[in-house]
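J.: Quick one: the structure is below, and I'll ask about it shortly.
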Amino acid sequence: MVDAPPPAALAWVADVTGAPITAVRRLAGGTHAATHLIESGGVTEVVLRRFPPGDSASARKARILGLLDGLDGLAPRLIAADPAGARFGEPSVVISRLPGQAEILLAQPEALGRILARVHAAPFAGTAAGDVLTHFDYWSGNVLYEEGQLTGVVDWSAARSAPRGFDVSWCRLDLVLLHGPGVADDFLDAYQDAAGLVVPDRPEWDRRALDKSADTVETWIDNYHDLGRLDLTPADLRERHTAGRSVLA
């Protein structure tokens with residue numbers, strides 16, 4: 001996929017916002033979709049996410065964001081969607097911009113735990129007994145901060161009703177890779193304190209997170225580099241993932 005939005009994409013955003021495009025800037029993080037911050041009319045800022053042709057993620061994202069309806073400011077709002085790519089050949093969504101930016105250089109486990117507890121407490125249509133609204137890709141690169149304060153969560157295309165342990169252990173694995181097991185434990189403590197419960201079957205969810213990522217963990221390096229962790233190598237991720245078998249679960 002060409003990274004810069006093609007003219008037809010910008011024309012679509014201009015139609016959606018009702019004003020000419022005045023600035024376009026690529027946003028770091030996330031390799032699945034090309035993501036750009038677009039200024040319209042010199043005032044309005046929206047985010048354009050373009051997915052590969054035939055990808056169904058834009059349709060899922062549009063449906064989920066419509067159901068979330070901003071999640072009390074924790075999630076972007078859906079502005080427009082073209083899941084078939086009819087306008088310019090790429091399935092796309094236009095969403096509101098949340099303030100802040102991703103921060104993975106500093107470990108902030110308490111904030112990550114508290115915000116995830118808020119997400120899991122939100123009502124969500126179709127949630128079964130014991131399940132919660134699950135982000136399904138909750139890691140530190142999908143959380144935004146502004147002036148040290150957590151402002152929201154992005155990239156909701158995989159969200160669904162599921163056990164809370166999936167999100168908790170997926171984030172724990174990310175924190176082990178970035179900052180070590182102590183930070184992952186601090187995140188768990190903060191989450192459980194904010195949620196007022198002990199995560200059911202947490203060791204089993206830790207094992208599932210390790211198994212799910214076992215064949216692909218080296219490929220996460222692009223996301224980590226994009227967000228500033230240039231010190232890490234694919235070999236580092238494999239070594240830390242392997243060590244996680246003893247420190248997680």
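What follows is calculated from the coordinates using simple rules that are stated; it is not laboratory data. Here the structure is a predicted model, which is why all the values come from computation and not from measurement. Note that we place each Cβ from the backbone using ideal geometry, even for glycine, and neighbour counts take in every protein chain shown.
J.: Of Leu178, Leu150, Leu188, which is farthest along the charge dipole of the range 101-247 in the positive direction, counting Lys and Arg as +1 and Asp and Glu as -1 at C-beta?
T.: My answer, from the dipole projection, is Leu188.
J.: OK, next. Using R₀ = 45 Å, calculate the FRET efficiency as 1/(1 + (r/R₀)^6) where r is the Cβ-Cβ separation of Thr219 and Ala19; round to 0.05. All intermediate terms of the calculation are to be shown ahead of the outcome.
T.: Details: r = 38 Å, r/R0 = 0.85.
The value I calculate is 0.70.
J.: Here's a follow-up. Please report the relative contact order for the chain, taking Cα pairs under 8 Å with a sequence separation of at least 6, and give it as a percent rounded to a whole number.
T.: Details: 459 pairs, mean separation 39.8, N = 249.
Contact order relative to length: 16 percent.
J.: Continuing with this model, one more query. As a footprinting exposure proxy, order Phe124, Phe51 by other Cβ within 10 Å, with the fewest listed first.
T.: Numbers: Phe124 18, Phe51 22.
With the fewest neighbours first, Phe124, Phe51 line up as Phe124, Phe51.
J.: Only four residue types carry charge here, +1 at the Cβ of Lys and Arg and -1 at the Cβ of Asp and Glu. Report the dipole size of the range 7-96 about the Cα centre in Debye, rounded to the nearest 20.
T.: Details: 9 positive and 8 negative charges, 41 e Å.
In total the dipole reaches around 200 debye.
J.: Report the extension gain between Arg26 and Ala129 in nm, rounded to one decimal, defined as 0.36 nm multiplied by the number of residues separating them, less their alpha carbon distance. Write down the numbers at each step before the final one.
T.: Working: separation 103, 0.36 × 103 = 37.08 nm, distance 4.04 nm.
Once the chain is fully extended between Arg26 and Ala129, it gains 33.0 nm.
J.: Before anything else, pin down the relative contact order of the range 7-96: Cα pairs under 8 Å, at least 6 apart, normalised by residue count, whole percent.
T.: Numbers: 167 pairs, mean separation 22.8, N = 90.
This gives 25 percent for the range 7-96.
J.: Still on this model: Hey, if you put +1 on the Cβ of every Lys and Arg and -1 on every Asp and Glu Cβ in the chain, which of Ala243, Gly18, Gly228 ends up farthest toward the positive end of that dipole?
T.: So the residue furthest toward the plus end is Gly18.
J.: A further question on this structure: Let me have the relative contact order for the range 101-247, percent, based on Cα pairs under 8 Å that are six or more residues apart.
T.: Details: 215 pairs, mean separation 39.4, N = 147.
Result for the range 101-247 is 27 percent.
J.: Same structure again: What's the FRET efficiency of Leu37 with Glu204 using the Cβ-Cβ distance as r and R₀ = 45 Å, to the nearest 0.05?
T.: Working: r = 39 Å, r/R0 = 0.87.
The computed FRET efficiency comes out at 0.70.
J.: Taking the Cβ of Ala28 as the center, what net charge do the other residues with Cβ under 15 Å away carry, scoring Lys and Arg +1 and Asp and Glu -1?
T.: Combined, the nearby Lys, Arg, Asp and Glu give 0.
J.: What value, in deg cm²/dmol to 500, does the helix sum -39500 (n - 2.57) over DSSP H runs of n ≥ 4 give at 222 nm once divided by the residues of the chain?
T.: Details: 8 runs with 98 residues, N = 249.
Mean residue ellipticity, 222 nm, calculated: -12500 deg cm²/dmol.
J.: Suppose every Lys and Arg Cβ carries +1 and every Asp and Glu Cβ carries -1, with no other charges. What dipole size does the range 131-249 come out with about its Cα centre, to the nearest 20 debye?
T.: On the way: 11 positive and 22 negative charges, 75 e Å.
It works out to roughly 360 debye.
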